[in-house]
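The values are calculated or read from the model by the stated rules, or taken from the named source; none is laboratory data. If you're wondering where the values come from, they're calculated on a predicted model, not measured in any experiment. Glycine also receives a Cβ, built like all others from the backbone with ideal geometry; neighbour counts cover every protein chain displayed. Protein only, heavy atoms only, side chains kept; ligands, DNA and RNA dropped before computing areas. Shrake-Rupley method; radii C 1.70, N 1.55, O 1.52, S 1.80 Å.
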Amino acid sequence: MMRVLLLGSGGREHAIGWKLAQSGDLDLLISAPGNPGLADFGPVVTGINITNPDAVTALAIENRVDLVVVGPEAPLASGVVDSLIAARIRTCGPSREGAQLESSKAYAKHVMSRAGIPTAAAHTFTEVAAATDHLASQEGPYVVKADGLAAGKGVLVTEDLIAAQGWARLCLDGHFGTAGSTVVVEDYLVGPEVSIFVLTDGKTVLPLAPARDYKRLNDNNDGPNTGGMGTFSPLSGLPDGLVDWTVDSVVHPVIDVLREDSITYRGFIYVGLILTADGPIVLEFNSRLGDPETQVVLPRLDDDLLGLLAATAAGELHGKPLSWLPDSAVDVVVASEGYPERPVAGRPIQGIERAAARSDALVFHASTKRAAEGIVTNGGRVLNIVGTGPDLESARQAAYGAVSEIEFEGMHYRTDIAR
Ligand code: GLY
């Protein structure tokens with residue numbers, strides 16, 4: 001029986017906690033800082049800075065946890081895993097060096113180059129004049145990225161040279177803090193984007209079911225980029241062998257390069273691909289599961305997540321492919337007024353219990369808080385409403401049926417997820 005500490009507070013972590021709680025081997029699930037949904041499964045420790053390695057390690061020791069599961073990228077990038085491992089606490093999530101696959105785009109490019117992985121050609125800059133001169137010498141569209149973690153907001157893709165140069169200047173002038181002190185200018189590639197997730201203990205690699213993310217705010221992929229407004233799984237129409245190619249030609253070469261550098265990667269790798277006319281090309285890596293993709297992938301997983309994560313942390317992941325339910329899952333993200341720029345917090349939410357009571361729906365909290373008047377909004381993406389069913393259309397109807405139960409002032413969501 002295991003005592004588990006889960007780090008994070010979003011919809012992804014609620015879905016992870018929900019799945020861990022189904023394990024017969026779970027003794028106690030502690031979430032930090034958690035959310036009102038995670039409070040259903042065990043104690044929630046608020047008021048802790050989960051990017052502080054010492055604070056997290058002290059919490060794990062104090063609660064005698066057997067396993068720590070890290071959801072978001074920020075604690076990975078700040079070295080929380082290194083501190084936990086040094087204290088001999090088993091942890092699912094890469095060390096700070098491994099997490100650079102996400103926390104530094106320049107590092108990821110360097111690893112890809114060493115591993116011979118196809119990726120968009122890129123140049124890195126730390127001086128405004130060098131970046132703007134380089135952009136002026138290129139043809140658009142332009143892709144300009146802050147090197148570090150910028151909560152998904154550090155990337156600009158534009159046809160407009162002046163806007164691209166302005167973005168490089170904004171990054172290098174400190175708009176994203178140290179995350180923008182290096183800028184990566186990449187070739188623009190054309191094709192549909194696909195994300196493939198894998199779980200690895202640094203030797204064995206197990207792919208998860210692919211899911212599609214909807215990044216734009218509005219229907220028909222209009223409006224600004226967001227953290228993701230919806231998702232569905234399974235995906236049909238992927239090129240034959242794409243998942244195997246990703247495992248064999250991307251993930252294994254990456255973990256081999258990391259091993260050469262004495263980095264043992266234990267956790268999830270999110271491979272962002274673009275399917276060009278010349279074949280798949282890697283756009284980026286994330287060092288964690290996707291949000292909201294996790295919210296449709298885990299309801300379809302027909303395996304014990306706790307056993308898998310504990311085996312990953314121990315470096316003992318078996319090679320048996322993961323099992324998946326045949327059902328489909330569709331997630332509609334319900335967002336606050338003002339998201340993504342200035343989300344309004346504190347609005348009371350009605351209907352969560354009614355939506356969650358449906359046999360064909362799950363409600364994962366993303367940015368909510370318990371207040372005197374009940375559950376209120378607490379950020380941009382508020383709830384993930386996941387519908388399940390024997391096929392995509394029934395899962396879609398289930399999701400939107402459950403969304404219609406939810407009410408709060410200024411709520412908005414896309415109506416075309418999985419359409
Ligand atoms: N859904 C995109 C991400 O998790 O980064």
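For this structure, a couple of remarks:
- Filter pass, ARG288 being at pLDDT 95 or above, under 14 Å from THR204 (Cα atoms) and touching a Gly at 6+ places or on another chain (Cβ under 8 Å): no
- In the range 375-387, the qualifying residues are those that are touching a Ser or Thr at 6+ places or on another chain (Cβ under 8 Å) and of a type in the set (A, V, I, L, M, F, W, C), and the one that is surrounded by the fewest Cβ atoms within 10 Å (Cβ to Cβ) is VAL376.
- Residue in the range 289-300 that is farther than 17 Å from VAL69 by Cα, part of a helix (DSSP H, G or I) and more than 16 Å from the ligand (Cβ to nearest atom) present: yes
- Subset of the range 151-180 [out of contact with any strand residue (DSSP E or B) (no Cβ under 6 Å at 6 or more places or on another chain) and open to solvent by 60 Å² or more (accessible area, probe 1.4 Å)]: ALA151, GLY152, LYS153, GLU159, ASP160, ILE162, ARG169, LEU170, ASP173, HIS175, THR178
- Failed item in (1) at pLDDT below 90; (2) in a helix (DSSP H, G or I); (3) open to solvent by 60 Å² or more (accessible area, probe 1.4 Å); (4) of a type outside the set (A, V, I, L, M, F, W, C), with ASP82 passing the rest: (1)
- Selection of the range 207-225 for residues being buried (at least 19 other Cβ atoms within 10 Å of the Cβ) and part of a loop (DSSP other than H, G, I, E, B) yields LEU208, ALA209, PRO210, TYR214.
Residue-by-condition table, conditions (1) assigned to a helix (DSSP H, G or I); (2) closer than 29 Å to GLY154 by Cα; (3) of a type in the set (Phe, Trp, Tyr); (4) within 16 Å of the ligand (Cβ to nearest atom):
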residue	(1), (2), (3), (4)
VAL282	no, yes, no, yes
GLY307	yes, no, no, no
TYR339	no, yes, yes, yes
SER359	no, no, no, no
PHE364	no, yes, yes, yes
ARG370	no, no, no, no
ILE385	no, yes, no, no
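- Flag if LEU59 is in a strand (DSSP E or B) and touching a strand residue (DSSP E or B) at 6+ places or on another chain (Cβ under 8 Å): no
- Flag: GLY267 does not match the condition of being among the small types (Gly, Ala, Ser), at pLDDT 95 or above and more than 16 Å from the ligand (Cβ to nearest atom).
- Search result, residues across the range 95-118 that are surrounded by 19 or more Cβ atoms within 10 Å (Cβ to Cβ), out of contact with any helix residue (DSSP H, G or I) (no Cβ under 6 Å at 6 or more places or on another chain) and outside any helix (DSSP H, G or I): SER104
- For the range 388-410, filtering for residues that are out of contact with any Ser or Thr (no Cβ under 7 Å at 6 or more places or on another chain), crowded, with 18+ Cβ neighbours inside 10 Å and either in a loop (DSSP other than H, G, I, E, B) or on the phi > 0 side of the Ramachandran plot (or both) leaves 2.
- Index of the failed condition, GLY148 passing every other in (1) loosely packed, with under 15 Cβ neighbours inside 10 Å; (2) assigned to a loop (DSSP other than H, G, I, E, B); (3) under 26 Å from the mean Cα position of the chain (by Cα); (4) not hydrophobic (A, V, I, L, M, F, W, C): (1)
- Qualifying residue in the range 248-268 (condition: part of a loop (DSSP other than H, G, I, E, B) and within 23 Å of ARG12 (Cα to Cα)): yes
- For the range 190-206, a residue qualifies if it is more than 16 Å from the ligand (Cβ to nearest atom), touching a residue at least 60 places away in the same chain (Cβ under 8 Å) and open to solvent by less than 40 Å² (accessible area, probe 1.4 Å), and the qualifying residues are GLY191, THR200, ASP201, GLY202, THR204, LEU206.
- Scope the range 109-148; condition touching a Leu at 6+ places or on another chain (Cβ under 8 Å) and modelled with pLDDT of 95 or more; matching residues: VAL111
- Residue match in the range 310-327 (condition: within 23 Å of ASP219 (Cα to Cα) and part of a loop (DSSP other than H, G, I, E, B)): no
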